[in-house]
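Encoded as structure tokens, the structure appears first; notes follow it.
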Amino acid sequence: MSMEDTLAWFRAHPPAGLSENGSSQGFSPSHKSAGVSYSAPDSPAWRGAALEVGVAATGATVSDIRVDALTEWWDPVPMQVTVEGTRLRIAVADPCPASDRGYVSVQNAGDDLSSALLPSGAPTGALVCSYEGMNGTTYALQRSTSLDPTEAGKLAAAIAGTSLNHLDDVVRSCPRDDTSMTVLAFSYPGRQDVDIWYHRTGCRSISNGSIVASPSEAFMDLAANFAG
């Protein structure tokens, strides 16, 4: 078939479950080509899945076809914290330290925190310590907020609902990162308090010192009420 008829056939027979999301055309004195792309919904296993079909005319009634499949696969194994340096420890019953200068993360106890950001169950309270980055009074305590069990439970639920899936071998750029941090300390019956390190700007992240994840929109919306 001609390039036009071949492309029309693909448009009339889209791959099952995919939707058309773009097209392209290219012309030169010796070459004529066009293409159509399809996308698939994101899933727990991948994001950005796409099928791209390119058609090039090699004669009046002959066409070459190239098909590329593109997918970003999620790694379901929690990403480990590998940064080295001094860890901060905050208890709910204590005041927030005056500065987070020199700290790289938090330190917690409990084997369960290698596979989940927070323990199962509802916290009995929380303390939120927010610190300025390099654009304010450098590394100084900006705000200290104590949360009752209801408020702490909502914030903990948003953290627990954060996906631990991540992409491997990704090079990231983190603009507007002024190292603003927030430490959220949660109290639980029968165990030591558990701290969360929240990197608020640039490539935002939340970590319990063992594993790290990208914060969910639900968590960031709630945290904005307490964490600056």
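Are any residues in segment 24-36 of a type outside the set (A, V, I, L, M) and in contact with a Ser or Thr (Cβ under 7 Å, 6 or more places away or on another chain), and if so, which ones? Listed by number, the residues that qualify are Gly26, Gly35. Of the residues in segment 142-152, none is assigned by TED's automatic domain parsing to the domain that holds Ser214, exposed (fewer than 13 other Cβ atoms within 10 Å of the Cβ) and at pLDDT below 95.
Yes/no matrix, rows are residues, columns are (1) closer than 30 Å to Ala213 by Cβ; (2) polar (S, T, N, Q); (3) in the same structural domain as Ile196 (by TED's automatic domain parsing):
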residue	(1), (2), (3)
Leu7	no, no, no
Gly17	yes, no, no
Gly26	no, no, no
Gly59	no, no, no
Ala69	yes, no, no
Val83	yes, no, yes
Leu88	yes, no, yes
Gln107	yes, yes, yes
Ser114	yes, yes, yes
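The strands (runs of 3 or more DSSP E) found entirely in segment 2-89 that carry 1 or more residues being touching a Phe, Trp or Tyr at 6+ places or on another chain (Cβ under 7 Å), more than 30 Å from Ser114 (Cα to Cα) and at pLDDT 90 or above are 19-28, 31-39, 46-59.
Residues considered: Thr6, Thr86, Thr82, Thr58. Of these, the only one that is hydroxyl-bearing (Ser, Thr, Tyr), under 30 Å from Thr179 (Cα atoms) and out of contact with any Gly (no Cβ under 8 Å at 6 or more places or on another chain) is Thr82.
Selection within segment 60-75: residues that are over 14 Å from Leu167 (Cα atoms) and among the hydroxyl-bearing types (Ser, Thr, Tyr). The member of this set that is surrounded by the most Cβ atoms within 10 Å (Cβ to Cβ) is Ser63. In segment 15-59, the qualifying residues are those that are polar (S, T, N, Q) and within 12 Å of Thr71 (Cα to Cα), and the one that is surrounded by the fewest Cβ atoms within 10 Å (Cβ to Cβ) is Ser43.
Starting from residues that are crowded, with 20+ Cβ neighbours inside 10 Å and of a type outside the set (Lys, Arg), keep the ones in segment 189-206 and report whichever is farthest from Ser105 (Cα to Cα). Top of the filtered list is Asp193. The number of residues in segment 132-156 being closer than 19 Å to Trp197 by Cβ and either in contact with a Pro (Cβ under 9 Å, 6 or more places away or on another chain) or among the β-branched types (Val, Ile, Thr) (or both) comes to 8. The set of residues from segment 1-39 being hydrophobic (A, V, I, L, M, F, W, C) and touching a residue at least 24 places away in the same chain (Cβ under 8 Å) comprises Met1, Met3, Leu7, Phe10, Leu18, Ala34, Val36.
Collect the residues in segment 164-191 that are of a type in the set (Gly, Ala, Ser) and either touching a helix residue (DSSP H, G or I) at 6+ places or on another chain (Cβ under 7 Å) or at pLDDT 90 or above (or both), keeping them in residue-number order. Scanning segment 164-191 gives Ser180, Ala185, Ser187, Gly190.
The values are calculated or read from the model by the stated rules, or taken from the named source; none is laboratory data. Just so we're clear, the structure is a prediction, and the values are computed from it rather than from any experiment. Every residue, glycine among them, receives a Cβ derived from its backbone with ideal geometry; neighbour counts consider all protein chains shown.
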